[in-house]
Amino acid sequence: MLTESQQVETYKVLGLVAMCSGGGEHKVAWAMSLLEQGVDTENLAVLATLLQPLNEFEVEDYFQRVLRELCIRQPCAEEAIEGYAKALAKEVIDGELAPEAGASKIYYANIQAGYPESYGEYTVLDDEWYCECINGWSKQQRREEIVKACKATYYALQYPSAFEA
């Protein structure tokens, strides 16, 4: 059973994998992180220790094995990206991620998800020039607006039901 923070880390990797082709580096880094935190399965250890250049087919095979071992269901891309955006919003709210970096990453997720209305405001929030020159916001006001948007995003979005009870 994964801890809450390990589950959030998993939501993030599932979202990253859904947004990029292959995603081998993300999968290996996630596996290494879990291994360092004391999660230990045979396939997780193998996945964590795969070296560059990565064979995406091998990485994917071990990634799927690890998901099965840890009873994790891989959500559809839309759900995975939504979980990723929710996790990023939480990191911004908690001060673990700079608001500007969070807005940029959520905006990228917004693009990859096909511009859903649920986090479309990041199109503007990611654009420093627009916020400062058109909206007339200071850097601090932009940061505050991003945090406010992240709070709304966090409560509006759902994590996918990826973990079996």
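Among the lysines, which have Cα under 21 Å from the Cα of residue 151 when same-chain residues fewer than 8 positions away are ignored?
Here the lysines satisfying the reach criterion relative to residue 151 are 12, 86, 90, 105, 139.
Taking K and R as +1 and D and E as -1, what net charge do the other residues with C-beta under 11 Å from the C-beta of residue 102 add up to?
-2
Take every Cα pair under 8 Å in the chain that's 6+ residues apart, average their separations, divide by the length, and report that relative contact order as a whole percent.
This gives 25 percent for the chain.
Sort 131-138, 66-73 for me by packing, meaning the mean count of neighbouring Cβ atoms within 10 Å per residue, highest on top.
The packing order, highest mean first, is 66-73, 131-138.
Select one label from (1) 57; (2) 27; (3) 17: the one whose number is percent of Cα pairs over 28 Å apart as derived from the coordinates shown.
Only one listed value fits the structure, namely (2).
Could you please report the charge total around residue 62, scoring K, R as +1 and D, E as -1 over all other residues with beta-carbon less than 13 angstrom from its beta-carbon?
With Lys, Arg at +1 and Asp, Glu at -1, the net is -3.
Distance between Cα centroids, the stretch 23-76 to the stretch 108-122: provide it in whole Å.
If you average the Cα positions of each part, the centres end up 28 Å apart.
Please give the calculated 222 nm ellipticity per residue for the chain, where each DSSP H segment of at least 4 residues contributes -39500 (n - 2.57) and the sum is spread over every residue; nearest 500 deg cm²/dmol?
One gets -19500 deg cm²/dmol as the mean residue ellipticity at 222 nm.
Under the rule a/c < 1.5 gives rounded, and otherwise a/b versus b/c splits prolate from oblate, where does the stretch 77-156 land using the Cα gyration tensor?
Judged from the Cα gyration tensor, the stretch 77-156 comes out oblate (a/c at least 1.5, b/c at or above a/b).
If the elastic network links every pair of Cα atoms under 10 Å, which of 139, 86, 105 fluctuates the most in the Gaussian network model of the chain?
139
Taking the Cβ of residue 5 as the center, what net charge do the other residues with Cβ under 15 Å away carry, scoring Lys and Arg +1 and Asp and Glu -1?
Net charge around residue 5: -3.
Only the coordinates and a few stated rules stand behind these numbers; no lab work does. Worth saying up front: this structure is predicted, and the values here are computed from it rather than measured. Every residue, glycine as well, gets a Cβ built from its backbone with ideal geometry; the counts of neighbours run over all protein chains shown.
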